[in-house]
Amino acid sequence: MDEIRDGVVLVGTAHISATSVAEVESVIRARRPAKVLVELDPGRLVALRDPEAWKRTDLFQILRAKKQHLFLLQLYLSAMQAQMGRQTGVKPGAELLRAIEVAEEVGAQVVLIDREVRVTLKRGFSSMGLWARLRLFWNVWMQLLTPADKNAKPFDVDALLETDAITRMTDEFARFAPDIKVALIDERDAVMASHIEEESRTGTVVAVVGAGHVPGMKRFLAAPATIPPRAPLLEMPPRRVGLGTFLAIAVPVVLAAAVAGYAVNGRYEEILAYGRLWILLHVAFAGAGALIALGHPLAALTGGLAAPFTSVLPTGLKSGWLAGMVQARQRKPTVGDFEAIKTIERLRDFWTNGVVRVLTVTAMTNLGSIAAKVVFFANILPGAF
């Protein structure tokens, strides 16, 4: 607990600590503040109050909205907390729910001060280049695929609260994903500090936040003039033309230019031959990608047949999304699959989980389509001009 100044108390917690639950309750009852500020947004509060909502996740909507990468990152972050929660016997976020319950008991107003998760993740991804995204997802996949160490010592979460280990853990995450760390930690520090500064003008406040946010928030609150305006930090990032978008536009343009180059020289038979090659490569590579992911044969067939056509579209449908939707329909993930996501510890469990399988089929089909383009252009461009 840190008393920033008279009437402003900051309680740094671990989201899976019994000690944190007890401390939050003790501080709120002792201080009886006018307001209790909690590191939650409305969506996360609903999820904490209704943990079964996870089982009702609409995978089709995720695929249609092209949010499978955001879902994967949320899966990773949730799995990390859930694994530590199993070791400590405390459900992630228990201290936040307890803060709300005790606030209501003592008559304090509850204020949710965190930014929406989807805004945070979108801002994080928008700031990352291609290589930063690849590096992030490599670490995510490796974490998901690494078997649990059965001989590992129990996670001592209370010891983390007594040291600066939480900060070191945050710094470690920033090492392989520095851009997204700005959105996950730094910007949220500013958003929540802004709320605390604003609400403290109308009465005493107790703010309950994760320990990893405490150092940054204390720096802001020690110098309120340095807190940036909150409104811009709550906005979705503007769309930008990244490498992926550039390549999506460049492929049909280069393809059209190459075909024109052959046509100018009267090489029409070669145009037909390369057209057949385009179709063959995409059907084979995209279909193989789905099969490597152990997708349903119909999902592989759908992805393979769609790839030659979706690959020339700069925007819109992608073969992987279609393959993923067919996979989800043919082998619909069960409630048990959603429950098991947060307990995946073995490679076999990873590959057999229905939810993860849909995402993997989607990713591998798209990857196969990209590989087909690389092979195709390696053959066509040298002789096109």
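Projected label points at Gln330 and Ala263, each 7 Å from Cα along the beta carbon direction, are separated by 3.7 nanometres. Treating r as the C-beta distance of Leu277 and Met236 and R0 as 51 Å, the FRET efficiency rounds to 0.80. Once the other residues with Cβ under 13 Å from the Cβ of Thr302 are scored (Lys, Arg +1; Asp, Glu -1), what is the net sum? Net of charged neighbours comes to +2. Of the listed pairs Lys122/Lys332; Lys181/Lys218; Lys35/Lys122, which have alpha-carbon separations greater than 22 Å here? From Lys122/Lys332; Lys181/Lys218; Lys35/Lys122, over 22 Å: Lys122/Lys332; Lys35/Lys122. Suppose R0 equals 56 Å. What FRET efficiency, 1/(1 + (r/R0)^6) with r the Cβ-Cβ distance, do Arg32 and Phe309 give to the nearest 0.05? Efficiency at R0 = 56 Å is approximately 0.30. In a fully extended conformation the segment linking Glu116 and Glu101 would gain 3.3 nm over its present Cα-Cα distance, using 0.36 nm per residue.
Just so you know, all these numbers are worked out from the coordinates, no wet-lab data involved. Predicted model, so just to flag it, every value in this text is computed and none were measured. As a convention, Cβ positions derive from the backbone with ideal geometry for all residues, glycine included, and neighbour counts pool all protein chains shown.
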